[in-house]
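Only one structure is covered here, and it is reproduced in the block below.
The values are calculated or read from the model by the stated rules, or taken from the named source; none is laboratory data. As the structure is a prediction and not an experimental result, all values here were calculated from the model. For neighbour counting, all protein chains shown are included, and Cβ atoms are generated from backbone atoms with ideal geometry for every residue, glycine included.
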């Protein structure tokens with residue numbers, strides 16, 4: 001199921017037809033965070049069934065979507081969620097945009113002050129900056145084997161903040177936060193009345209014998225019940241359905257209605273025709289498939305981390321707790337971003353450059369291991385050979 005190489009050239013793929021096309025026909029891509037695996041059969045079947053009538057009219061969100069979202073949280077993550085607290089957004093980044101551009105400026109009368117942990121997902125940072133927010137970036141401590149929050153700096157940065165953008169598991173490092181860390185975050189948020197948006201799009205990818213993923217809402221019920229926590233989930237990463245655009249945004253109280261109003265102001269009305277049936281099928285019927293997928297991803301992560309550490313011994317490679325991503329500090333080999341560009345061109349392997357996650361991460365890169373193992377190994381061989389050759393010149 002996860003060993004078939006699927007050719008995606010000519011499918012309008014951002015990962016292949018845009019970002020890898022210049023590398024040639026034999027290019028390999030470890031860049032954009034979608035997978036090289038077909039989605040689970042139940043999702044495909046739901047889409048085919050939706051096509052049966054041949055009418056692709058406007059759709060709406062009903063209770064079956066909200067109930068599927070709540071059931072998934074309870075079964076997979078042990079969090080009991082009231083379906084009435086679930087709101088639909090196509091993408092989590094659009095919810096961030098609604099907060100930063102409409103909801104918070106409207107209530108504050110000024111641009112909001114937004115805290116992030118760096119490195120951070122570039123499109124969300126772009127939304128925050130374009131909205132005119134005051135961005136407060138807290139760099140994770142990447143000096144050890146496990147990325148850590150510099151707690152004193154984080155606490156100072158949270159003073160007077162309006163919004164914390166929390167990400168669990170963290171993209172790009174793959175860190176799954178401990179309950180102690182989440183308690184610390186929730187305590188600071190409550191003390192300062194800071195709204196928290198938790199982007200948990202990679203939640204279903206947790207590895208065995210590592211930190212156990214739990215939603216912040218489950219760890220910090222007082223913060224959740226206060227209506228100052230927005231908990232975000234999506235089938236997009238788990239079921240390789242990001243292009244269908246469906247997210248479940250959970251929040252208590254009147255903030256949910258304010259987000260609905262902001263969504264209408266943004267012109268976001270009816271979901272993609274296939275988004276709702278595909279999501280309901282995924283969350284109601286996809287558990288067994290996800291269990292098999294996670295085993296394959298865990299094996300690929302072990303292969304990738306071991307290979308990178310062996311081939312590039314001076315690099316600092318984060319062994320992730322979750323996600324299907326590996327974050328690499330290759331500054332010992334790459335003098336600049338142009339050096340990474342040269343390695344990518346020479347190897348014909350696309351990666352996500354560190355600067356996509358913050359300008360100070362030149363010489364870092366992120367790879368995606370969600371592809372057949374033989375293709376992953378082939379890509380790693382070519383990429384590491386090119387990086388090592390550059391460093392020796």
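Structure summary
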item: Single unsatisfied condition, residue 261 versus (1) in contact with a helix residue (DSSP H, G or I) (Cβ under 7 Å, 6 or more places away or on another chain); (2) part of a helix (DSSP H, G or I); result: (1)
item: Residue list for segment 128-146, filter: crowded, with 20+ Cβ neighbours inside 10 Å and out of contact with any strand residue (DSSP E or B) (no Cβ under 7 Å at 6 or more places or on another chain); result: 131
item: Residue in segment 1-27 that is surrounded by the fewest Cβ atoms within 10 Å (Cβ to Cβ), counting only those that are in contact with a helix residue (DSSP H, G or I) (Cβ under 8 Å, 6 or more places away or on another chain) and more than 18 Å from residue 296 (Cβ to Cβ); result: 10
item: Count of residues meeting criterion [touching a residue at least 12 places away in the same chain (Cβ under 8 Å) and in a helix (DSSP H, G or I)] in segment 22-58; result: 9
item: Listing of helices (runs of 4 or more DSSP H) fully contained in segment 276-393 that carry 1 or more residues being without any contact (Cβ under 8 Å) to a residue 60 or more places away in the chain, touching a helix residue (DSSP H, G or I) at 6+ places or on another chain (Cβ under 8 Å) and surrounded by fewer than 24 Cβ atoms within 10 Å (Cβ to Cβ); result: 337-347, 373-392
item: Yes/no for residue 114 being under 20 Å from the mean Cα position of the chain (by Cα) and either on the phi < 0 side of the Ramachandran plot or part of a strand (DSSP E or B) (or both); result: yes
item: Where a residue in segment 71-88 is assigned to a loop (DSSP other than H, G, I, E, B) and its partner, wherever it lies, is surrounded by fewer than 19 Cβ atoms within 10 Å (Cβ to Cβ) and modelled with pLDDT under 95, with Cβ under 6 Å and at least six apart; result: none
item: Residues that are within 19 Å of residue 391 (Cβ to Cβ) and touching a strand residue (DSSP E or B) at 6+ places or on another chain (Cβ under 7 Å), drawn from segment 349-362; result: 349, 351, 353, 354
